[in-house]
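Accompanying notes for the structure given below.
The values are calculated or read from the model by the stated rules, or taken from the named source; none is laboratory data. Source: prediction; values computed, not measured. Cβ placement follows ideal geometry from the backbone for every residue including glycine, while neighbour counts extend to all protein chains displayed.
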Amino acid sequence: MTPKTRLDRIRFRAWRRGFREADMAMGPFADSVGPELGDEELAAFEALLDIDDQYSYGWIIGRDTPPPEHDSPLMARLQVYVRTHVAAAVADGAG
């Protein structure tokens, strides 16, 4: 699979979680930050996309502590992104 195809699949999955709040967290992150992620971070993001939203969303917003296998630099980066970008967009009426 080409890097573009991989990223396209990740973006698709990130925007179609089935849980609106997770869509609003993961979709913009995939669009904005995804192109600059390395293979290891892309793999961590793909693994996160395999987790049920009820768990992953709690980790992303910092409500719950992620398990060690998901407590990664990618998770930290996603948490910061959500706090700085997504929360501001929601406050401005997005969603």
Handout entry: Single residue of GLU21, GLU69, GLU46 found to be part of a helix (DSSP H, G or I), in contact with a helix residue (DSSP H, G or I) (Cβ under 8 Å, 6 or more places away or on another chain) and at pLDDT 95 or above
Key = GLU46
Handout entry: Identity of the residue in the range 37-52, under 12 Å from the mean Cα position of the chain (by Cα) and farther than 10 Å from LEU74 by Cα, that ends up surrounded by the fewest Cβ atoms within 10 Å (Cβ to Cβ)
Key = ASP50
Practice task
Could you give me the residue pairs with C-beta distances under 7 Å whose first residue belongs to the range 14-25 and is on the phi > 0 side of the Ramachandran plot, whose second residue is surrounded by 19 or more Cβ atoms within 10 Å (Cβ to Cβ) and part of a loop (DSSP other than H, G, I, E, B) wherever it lies, and which are 6+ apart or on separate chains?
Solution key: none
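Say whether the condition of being over 22 Å from ARG6 (Cα atoms) and among the polar types (S, T, N, Q) is met by at least one residue in the range 34-54.
At the first step, the residues of the range 34-54 found to be over 22 Å from ARG6 (Cα atoms) are 54.
Among the residues that remain, those that are also among the polar types (S, T, N, Q) are: 54.
Scanning the range 34-54 turns up at least one residue that is over 22 Å from ARG6 (Cα atoms) and among the polar types (S, T, N, Q).
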